[in-house]
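Reviewing the structure listed below.
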Amino acid sequence: RIRNTLAASAYREYLSQHDALTGLPNKARYRKVAAEVLKQARATGECGAFLHIGVDGLGRINDALGRVVGDQLLQRIAKRLDSCVQTEAHGELASEQHNPTLYRFDGDEFAVIVPYMEGVHNAAAFISKLLEDSSVSFQRSGAPEVFVTCSIGVSVFPTDGSDADVLMRNAGLALRHAKQAGPHRYEFFSPQFNEQALSRLDLGAELRRALGRDEIELLYEPRVELASGRLVAAQTIVRWKHPSGRIVEGDELMDLAGTSEMDVAL
């Protein structure tokens, strides 16, 4: 009974620190190790990095092929990333107490803690290898082949922060900018990302009030056949006349509406 109780207790402890789908250490474990690595870095004056890795377009795959397929892709990507990270054990990206470690952060996102690096150039080759190894193809019978890539956001300590939550947030911002620039890319954090995020937050709040103020208009852009001069179609354009005089329209407006949960209203 004692042995069974201890085994059950150990298993519960394991589950509390690991992701059920991939078997990787989870967000709770990530935060704990991040605090330990930063404490060591403050004592030694060493630099390191937090990498956030996001799967490009996983939502579209879930919608088209089902969440089961999406979960299988996540498991496959997790194995490839883990194999890549393990090759760096006791290498030039490891500190005296910690090796680079992979975590399942959230949803379609993974994270890697690089506990030590002499400079950004040291991590660049590793990041490129992560991008390459995380690219996978998947095909179900009767369905077209799906090719999946990842993007990476990087925050460097202590340059981009000395607190785990700040560094995680900054790595997440860098990841979002990498995805906006196009799939299969990586971006290092820049202070401008914070300014842009705050500006976007303010603009999103104003968009909620814009509907009530009748600042949104729907236009129709004509499509004309050049040979005959005949009107053959029209394209709709949603435009927001901001009180400052700025015009927000098209994809920019729809992206802003999506991040502020106003896309359905529009």
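May I ask for the longest run of the chain untouched by trypsin sites (Lys or Arg not before Pro) that are loop-located per DSSP and have at most 16 neighbouring C-beta atoms (other than their own) within 10 Å?
On the way: sites that count: ARG1, ARG140, ARG213, ARG246.
Counting only loop sites that pass the neighbour cut-off, the longest clear stretch is 2-139.
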LYS241-ASN62 pseudo-label distance in nm [points 7 Å out on the Cα-to-Cβ vector]: 4.0 nm
Under 26 Å from the Cα of LYS39, which lysines turn up, not counting those fewer than eight places away in the same chain? LYS27
How far is helix 67-86 tilted off the main Cα axis of the chain, in degrees rounded to 10, range 0 to 90? 50 degrees
Comparing LEU15, LEU130, LEU218, which has the greatest mean-square fluctuation in the GNM of the chain with Cα pairs linked when under 10 Å apart? LEU218
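Full-extension gain between ALA8 and SER228, please, as 0.36 nm times their residue separation minus the C-alpha to C-alpha distance.
Values: separation 220, 0.36 × 220 = 79.20 nm, distance 7.88 nm.
So the chain would gain 71.3 nm between ALA8 and SER228.
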Starting from the Cα of GLU145, step 7 Å toward the Cβ, then list every residue of segment 67-99 with an amide N under 11 Å from that point. none
Please check: in the Gaussian network model of the chain (C-alpha springs, under 10 Å), which one of VAL37, VAL224, VAL112 has the largest mean-square fluctuation. VAL224
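Percent of accessible area on segment 218-266 owned by carbon and sulfur, 1.4 Å probe? Write down the numbers at each step before the final one.
Details: 1860 of 3540 Å².
Exposed carbon and sulfur together represent 53 percent of the surface.
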Name the lysines eligible as straight-distance cross-link partners of LYS32: C-alpha to C-alpha under 23 Å, and not fewer than 8 places from it in the same chain. LYS79
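Mind checking the per residue accessible area of the chain for me, 1.4 Å probe, whole number of Å²?
On the way: 15250 Å² over 266 residues.
Using a 1.4 Å probe on heavy atoms only, each residue of the chain averages 57 Å².
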Accessible area of segment 1-130 belonging to carbon and sulfur atoms, whole % at 1.4 Å probe: 50 percent
Using the charge dipole of the chain (Lys, Arg: +1 at Cβ; Asp, Glu: -1 at Cβ; taken about the Cα centre), state which of LEU21, VAL146, ASN62 has its Cα farthest towards the positive end. LEU21
Okay, helix-only estimate at 222 nm for the chain: each DSSP H run of n ≥ 4 adds -39500 (n - 2.57), divide by all residues, round to 500 deg cm²/dmol; what do you get? -15500 deg cm²/dmol
What is the angle, in °, between the Cα long axis of helix 120-133 and the longest principal axis of the Cα atoms in the chain? Nearest 10 is fine, range 0 to 90. 80 degrees
On a 0 to 90° scale, report how tilted helix 164-181 is relative to the longest principal axis of the chain, with both axes built from alpha carbons and the result rounded to the nearest 10. 40 degrees
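Could you grab the relative contact order for the chain? Cα pairs under 8 Å, six or more apart, rounded to a whole percent. Intermediate results must be reported in sequence, preceding the final value.
Working: 390 pairs, mean separation 41.3, N = 266.
Worked out over the chain, it gives 16 percent.
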Taking only Cα atoms and a 10 Å spring cutoff, compute GNM fluctuations for the chain and point out the largest among LEU167, LEU38, LEU207. LEU207
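The values are calculated or read from the model by the stated rules, or taken from the named source; none is laboratory data. Everything quoted here is computed from the prediction, not taken from an experiment. Positions of Cβ are generated from backbone atoms using ideal geometry, with glycine treated the same way; all protein chains shown enter the neighbour counts. The accessibility values were calculated without ligands, DNA or RNA, using every heavy atom of the protein model including side chains. Shrake-Rupley method; radii C 1.70, N 1.55, O 1.52, S 1.80 Å.
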